[in-house]
Every structure is written in structure tokens, then in C-alpha cells.
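This report refers to the structure that appears directly beneath it.
The values are calculated or read from the model by the stated rules, or taken from the named source; none is laboratory data. The model shown is predicted, which means the values in this text are computed figures rather than measured ones. Counting neighbours? That spans all protein chains shown, and the Cβs are built from the backbone with ideal geometry, glycine included.
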Amino acid sequence: MIFGISNYQPSKSGHPTADDRQLLADKIVNIKSKLINLIFLVKIGNIELPDLPLFLAPMEDVSDEVFRYVCKNYGSDVVYTEFVSSEALIRKVKKSEKKLIVHDYERPIGIQIYGNRTEAMAEAAKLVNEANPDFIDLNFGCPVRKIVMKGSGAGLLKDIPKMVEITRNVVKAVNLPVTVKTRLGWDENHKNIVETAEKLQDVGIKAITIHGRKHNPKICIPVIGNGDIDNPVKARQAFEFYKVDGIMIGRASIGNPFIFREIRHYLDTGKLLPPPSVQQQAEDLKELLIKSIKNKGERIGILCMRRHMAHSFKGLPDFRELRICMLRTENFIELTDILNRISYKYLGYTMN
Ligand SMILES: Cc1cc2nc3c(=O)[nH]c(=O)nc-3n(C[C@H](O)[C@H](O)[C@H](O)COP(=O)(O)O)c2cc1C
């Protein structure tokens, strides 16, 4: 049996109906795409990725090991750490070193670093290499002022030769695959990603994530599309229209890690899953909360949860007071109680 084609049964009359023909056509399309995927498996170096892979974006103060765990459970195929400063790593700053801790269950995982000095980036990459993630990602896209002012992140889009030099030296310094996350260009008038991606490919990167979309037939490494993908339909469009090899989800996962399951289900079946119930979202938050407290202690664990909670339970009627209580408390028992009250009050509601 090839990919289930022997399941095909003609109608009782023996003549195929329109539905039968549609079913058969769907199966042929399915077989074709599976064969294509077998031949053109998406790979980052030697890391084989599943069909239409979904990436959790690196996000400072969000994509910590607790959130990565939850997103992974909901079907994110590849995850990243928050970005880590190369300068802090070589100065052995404890908080930054802690960000290098990765677990086998989260593989494949990339550790992302940023910086502006070539030697510091290569040195930091060696330290990252020792932490043994699956790949090392270089941040050439962060637009935050304090990063850009130091010529790091998106600041390097103003100095492509330097960006390429840093990348070349990092690739030479480590034995793990190196990837890059960047933007179309510094601004509307300098969209040079086509040439930049080629230069980065030439010095050995194994995948590139681009915030924004642009096609370049000379790029053979996987291109991961990122930016504003916040529902399953947009996810499919990114694969179909922009021909990306993977998609990366950032903000839409905050408070809603369920989005990975929704997208995967839609990509596999073409059907939308019903939105999660309020109970489901409350249970997700409780799981995240318990892990967060275990990892960081009660106070910090709860503070770290606030960003997720602020994005949860959107659109519920008469929710203001509960939201304020939920975002104010620093006590685990009280917070669990509030989440239980939310579940109870909004029994039967779903999140839209
Ligand atoms: C809170 C927050 C923190 C972020 N931190 C990082 C980071 O550490 N490294 C990085 O490359 N991008 C970072 N980004 C950018 C995201 O990875 C992503 O490129 C951006 O949010 C666009 O994708 P989205 O529209 O799916 O959110 C951050 C974004 C947010 C919202």
C-alpha cells in the first residue's frame, strides 16, 4: 500500500461519483506532496525536519525552557532559546549562561546569540557549541534600540560585510550548523536580503529565517518565513504562496501555545480545529505556572507568567475584574484559585 491509496473504495453502483473522484484527487495530491517531501526533506545541516515544519520564534522573556516545553507539547517542531548576548557569555554572566541549558526532549533546538564584535561572537559560539544544542542561530534582526545602537541585531543590516565576517568566523569556530535570523533589509529603501542571503549561504549557514518574504531561486538552504502568522490559514498561505520551507510563530503563541496544534491539524487535514475552551486555556496556564514556579521560584515564576496571562482569555465578556486579579497576585494558591474561578464562570465558552 502506498500512503493509503488502497483504502479507496468505489461507490456501490461501481461507477465513481463526484465525491469518489474528489477523494481520489485529494489522495493523489497527498501522495505527490509526500513523495516530493521525501525527496526534498527540509534539513538544517544534518537535522531532518518533518513535513511543513513549525518553529517557535526566539523571544526574550518568553521562549524560556518552560514555554518551550509547552509549545513542544502542542506540536512546535523546532524551538529556540531567547537571544543571549555574546559579550555576556564570554564574561560568564550567570543569567546568560543559564539560557544555554537545553534538554533532550526539546530537540531540535537552536541557541540564539547576538553581538557586534567578530571575536566575541566566535568565542561565544564556542561556548554555545559546548552546551550542545542542535544548531546555533545568529540574530541579525532585532530592532530594539539599545541593541541596534551598539551595532548588533538589525544594526548589522547597515554593515553587511561585517555581518558576513561575523558569520564566517562563527561557522569556522564551531562544528554545529549555524543559522541566521534577519529581516528584508535595514529599511524600505534598503531591502537587500536577496544578495545578503546569498553571501551568508556562501560562508556556510544552513538555514535562514526572514522576517518578511522574498523569493530567491539561488538560495538552496531552507528559508523559514516569519512575521504575522497568527492563524492556520495564514500558515498554509506562507507555505503555498511564499514557498517557504518552514514557518516561525512568535507573538501568536504567547498565551496561546495551542496555535501549533491548530496549525498542524489544518495543514494535515485542511480542517480547522474548534477553538480551545476557556477550561483548556486555564489548564494550559496552570501547567505553565507550575513549571514556571518549579523553575524560577514562586515570585519570579508568577511574574514571568504575566505576559502569557495578559494575552489569554481575550474577548470574554465581563472579564475585567478577574483579569486584574489574575495579573496582580504574586501567590500561587490565589492564582490557581482565580484560574479555577475563570473555568467555572465561563463553562461552555471557547476562545475565538
Ligand atoms: C516579546 C518578544 C521578544 C522577542 N525576542 C526576540 C529574540 O530574542 N530574538 C529574535 O530573533 N527575535 C525576537 N523577537 C522577534 C520574534 O522572534 C519574531 O521575529 C517577531 O515577533 C515576528 O514574528 P511574529 O509576527 O510571529 O510575532 C521577539 C519578539 C517579541 C514579541
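Checked against (1) out of contact with any Pro (no Cβ under 7 Å at 6 or more places or on another chain); (2) free of Cβ contacts under 8 Å to residues at least 60 places away in the same chain; (3) of a type in the set (Ser, Thr, Tyr), residue 343 passes all but a single condition, namely (2). Residue count for region 212-236, restricted to those that are within 19 Å of residue 43 (Cα to Cα) and outside any loop (DSSP other than H, G, I, E, B): 4. Looking at 348, 301, just one residue is of a type outside the set (S, T, N, Q) and within 22 Å of residue 62 (Cβ to Cβ), and that residue is 301.
Of (1) away from the ligand (no atom under 15 Å from the Cβ); (2) part of a loop (DSSP other than H, G, I, E, B); (3) assigned by TED's automatic domain parsing to the domain that holds residue 142; (4) surrounded by fewer than 21 Cβ atoms within 10 Å (Cβ to Cβ), residue 69 satisfies all except one. Which? The number of the failed condition is (2).
Contact map, region 274-292: first residue without any contact (Cβ under 8 Å) to a residue 60 or more places away in the chain, second residue outside any helix (DSSP H, G or I) and of a type outside the set (A, V, I, L, M, F, W, C), Cβ cut-off under 8 Å, separation 6 or more or different chains; pairs are 285/312. As a summary of the residue check, residue 252 satisfies the conditions (1) assigned by TED's automatic domain parsing to the domain that holds residue 56; (2) in contact with an Asp or Glu (Cβ under 7 Å, 6 or more places away or on another chain); (3) closer than 22 Å to residue 64 by Cβ; (4) more than 15 Å from the ligand (Cβ to nearest atom) except for the one numbered (4). Pairs meeting the criteria (first residue in region 138-150 and over 12 Å from residue 112 (Cα atoms), second residue of a type outside the set (Asp, Glu) and outside any loop (DSSP other than H, G, I, E, B), beta carbons under 6 Å, at least 6 apart or on different chains) are 143/154; 147/153; 148/154; 148/155. The residue pairs whose first member lies in region 69-80 and is among the small types (Gly, Ala, Ser), whose second member is at pLDDT 95 or above and crowded, with 24+ Cβ neighbours inside 10 Å, and whose beta carbons are closer than 6 Å, counting only pairs six or more residues apart or on different chains, are 75/260; 76/54; 76/56; 76/260. Selection of first residues in region 208-233 that are among the aliphatic types (A, V, I, L, M) and of second residues that are within 15 Å of the ligand (Cβ to nearest atom) and assigned to a loop (DSSP other than H, G, I, E, B), restricted to Cβ pairs under 6 Å at least 6 apart or on distinct chains, gives the following pairs, ordered by first then second residue: 223/244.
Which one is surrounded by the most Cβ atoms within 10 Å (Cβ to Cβ), of the residues in region 138-183 that are within 11 Å of the ligand (Cβ to nearest atom) and among the basic types (Lys, Arg)? Only one residue tops the list, namely 181. Of all residues in region 104-120, those that are touching a Phe, Trp or Tyr at 6+ places or on another chain (Cβ under 8 Å) and either surrounded by fewer than 16 Cβ atoms within 10 Å (Cβ to Cβ) or not β-branched (Val, Ile, Thr) (or both) total 6.
Put simply, of 258, 241 the only residue that is of a type in the set (Phe, Trp, Tyr) and buried (at least 18 other Cβ atoms within 10 Å of the Cβ) is 258. Looking at region 151-170 only, could you name the residues that are out of contact with any strand residue (DSSP E or B) (no Cβ under 8 Å at 6 or more places or on another chain) and in contact (Cβ under 8 Å) with a residue 40 or more places away in the chain? Matches in region 151-170: 162, 165, 169.
Considering region 4-59, and only residues there that are among the basic types (Lys, Arg) and at pLDDT below 90, the residue that is surrounded by the most Cβ atoms within 10 Å (Cβ to Cβ) turns out to be 27. Select from region 179-202 the residues that are in a helix (DSSP H, G or I), under 22 Å from residue 147 (Cβ atoms) and at pLDDT below 95 and list them in ascending order. 193 - this is the single residue of region 179-202 that is in a helix (DSSP H, G or I), under 22 Å from residue 147 (Cβ atoms) and at pLDDT below 95. Residue 207: within 14 Å of the ligand (Cβ to nearest atom) and in contact with a Gly (Cβ under 7 Å, 6 or more places away or on another chain), yes or no? Taking the combined requirement at face value, the residue does not satisfy it. Among the residues of region 237-290, those identified as assigned to a loop (DSSP other than H, G, I, E, B) and within 15 Å of residue 227 (Cα to Cα) are 242, 243, 244, 245, 250, 254.
Among the conditions (1) assigned by TED's automatic domain parsing to the domain that holds residue 71; (2) in a helix (DSSP H, G or I); (3) under 20 Å from the mean Cα position of the chain (by Cα), residue 205 misses just one, which is (2).
Per the conditions (1) exposed (fewer than 15 other Cβ atoms within 10 Å of the Cβ); (2) touching a residue at least 24 places away in the same chain (Cβ under 8 Å), the sole criterion not satisfied by residue 236 is (1).
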